[in-house]
Amino acid sequence: MKTTFLLLSPKIKSAKNSITINTLLKRLPFIFIGFVFWLLFYIGTYKVLNFIREIYFFGEIISRKLLSIIFFSLGIFLLLSNIITALSSFYISKDIPFLMSKPVRIQDILRLKAIETISSSSWMVISFIPPFFIAYGINYNVPFYFYLMLILTFIPFILISGGLGIAVAHLLTRIFSAKRLRLILLAIGLILFLVGYLWIASRWYSPESPEQFINALLSIKVDSPYLPSFWITESVAPILKGQSPELLYPLVLLITAIFMLILSSVIGNWLYPDNIERIQPSIRQKSKPVAEIFYPNRNSAFLWKDIKIFFRDAGQWSQLFIIIALIFIYVYNFRSIPVKTISGFFPLVKEFMALVNMLLAGLVLSAVSARFLYASISLEGMAFWIIRTSPVTAKKFLISKFLYGFIPVTVIMSIVVLITNLATGINALLMILSLITIFILCVSVSGLGIGMGAIYPNFRHENIVAISMSPGGLFFMLIAFLIVLLTVSIEAWSFYIYKRAELSGIALTLMEKSQIILGGILIIILNSITFYIPMKMGRKRLEEDLSI
């Protein structure tokens with residue numbers, strides 16, 4: 001155990017040394033954004049609980065059901081997250097060859113990686129779920145020991161998922177390759193998510209009556225007494241009613257957590273050495289030479305390189321599964337909106353939906369760009385010095401990166417906007433304006449992503465996801481969505497002036513025409529600045545003596 005703490009000490013000291021006044025000041029905007037998210041999440045949960053508890057007879061039943069569903073969902077999420085993280089931490093991590101070459105026992109390596117796996121898989125849940133439980137506590141005016149019981153039971157709840165996930169990862173690696181297994185689990189997780197989403201959506205969309213909605217909610221069976229989510233629900237739910245909690249379920253959670261950790265350790269001692277020996281670097285066969293005319297020239301060499309690496313690296317193209325799932329849900333939601341029914345109460349619903357569509361498409365664009373465009377510079381990694389010494393200027397390098405991300409992103413977003421607009425049945429004018437707007441946003445956001453990725457490069461990354469989730473990546477997403485919001489707002493105002501004159505039957509005045517033209521000019525100027533300034537700053541940054 002002493003060796004385990006020794007192996008953990010560099011990470012603890014690194015985290016401790018990173019907490020300085022300058023670091024806190026730099027991260028203050030992101031702390032503020034997180035606080036705003038907490039506040040909005042808390043307010044939303046509190047209002048939903050108020051609405052649910054006011055339902056006659058079924059209010060408390062639905063409230064308890066919602067709590068049970070949340071714990072069940074968290075359990076599934078933590079289990080899948082621990083399996084995927086364990087595969088990376090135990091078998092794909094860069095420090096595994098170093099640790100295996102040192103006089104360190106297998107047990108100490110297993111303990112170290114178990115701690116890394118559970119902490120890496122659980123930090124997001126621990127960071128974002130507290131407002132939900134705080135809303136429950138304040139809404140029910142619970143005593144202080146509700147939060148104490150929640151903490152004491154949530155820790156074993158996390159450890160159960162961690163121990164089971166690590167054990168499953170060892171067993172699966174015995175059969176499959178670790179890298180391929182990550183893709184399989186990712187695909188299975190997305191398929192399960194889509195199936196569950198479509199099942200819930202098909203039952204809840206356009207309910208004929210409130211009773212049908214209540215029956216659909218209560219029909220979800222997640223209350224099996226054999227699940228940890230049931231045990232933790234039974235531990236905290238009685239306190240909401242003012243009753244004394246039962247100590248049986250917290251005890252069952254604690255015993256199960258200890259058992260799962262021991263089980264993962266036993267399976268790890270049994271399988272881990274053999275699994276490590278079986279993992280060998282894959283040997284790629286060299287492709288046959290092709291005609292010289294198909295070889296890229298100097299101007300397109302980097303673009304060709306990025307495309308080939310994208311399809312060769314499963315860690316990159318596998319992210320398309322997530323993007324496709326998000327787009328599928330996005331399009332399905334728009335197709336499910338009863339536009340014809342709503343138009344009877346709100347005549348301008350199609351125009352409103354077109355604006356909302358552009359806003360949501362811009363949000364999706366920001367998220368996709370953070371993953372593929374912002375991270376593209378940092379993905380060069382420690383080989384960036386080769387680019388610095390190559391006979392290619394930083395300007396051409398950035399333009400190549402821009403084209404690499406801009407072309408597919410524009411095609412995808414244009415198709416999404418086209419399909420969703422066709423589903424809502426908007427007129428030709430709005431369709432053309434929407435496609436033009438999304439094209440302008442794709443240009444500006446793509447340039448913003450490449451430029452800021454060059455301003456804040458991270459060539460020493462260990463995880464691709466860590467690039468887009470870094471402070472620079474979050475800052476990019478914030479600016480990108482702000483640009484999208486301003487662009488759509490200006491366009492909404494211009495369209496409002498046009499539509500108001502059309503409905504009143506009065507021709508546009510010179511002042512109104514000037515406002516519409518000025519709105520178009522402002523949109524072009526805003527997005528041009530968004531594209532040009534980050535690209536220029538990124539070029540200067542790459543031309544500096546960057547330390548990689």
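Read-outs throughout are calculated quantities, based only on the coordinates presented, and are distinct from any laboratory measurement. Note that the structure is a prediction, hence the values are computed from the model and not measured. Reconstructed Cβ throughout: ideal geometry from the backbone, glycine too, with neighbour counts over all protein chains shown.
Listing for the model above:
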quantity: Protection-proxy order for peptides 115-127, 434-446, each taking the mean of Cβ atoms within 10 Å per residue, highest first; calculated: 434-446, 115-127
quantity: Descending Cα extents along the principal axes, segment 481-540, whole Å; calculated: 53, 21, 9
quantity: Using distinct alpha-carbon pairs, which all enter the 1/r mean, Kirkwood radius of segment 77-125 in Å; calculated: 11.2
quantity: Relative pair counts by distance (%), Cα atoms of segment 18-153, 10 Å bins; calculated: 10, 27, 28, 22, 10, 3, 0
quantity: Protection-proxy order for peptides 362-369, 496-503, each taking the mean of Cβ atoms within 10 Å per residue, highest first; calculated: 362-369, 496-503
quantity: Computed P(r) (all Cα pairs; segment 402-511; 5 Å bins; percent); calculated: 2, 10, 15, 17, 17, 12, 10, 7, 4, 3, 1, 1, 0
quantity: Cross-link table Lys2/Lys102; Lys16/Lys102; Lys47/Lys241; Lys11/Lys94, entries beyond 23 Å C-alpha to C-alpha; calculated: Lys16/Lys102
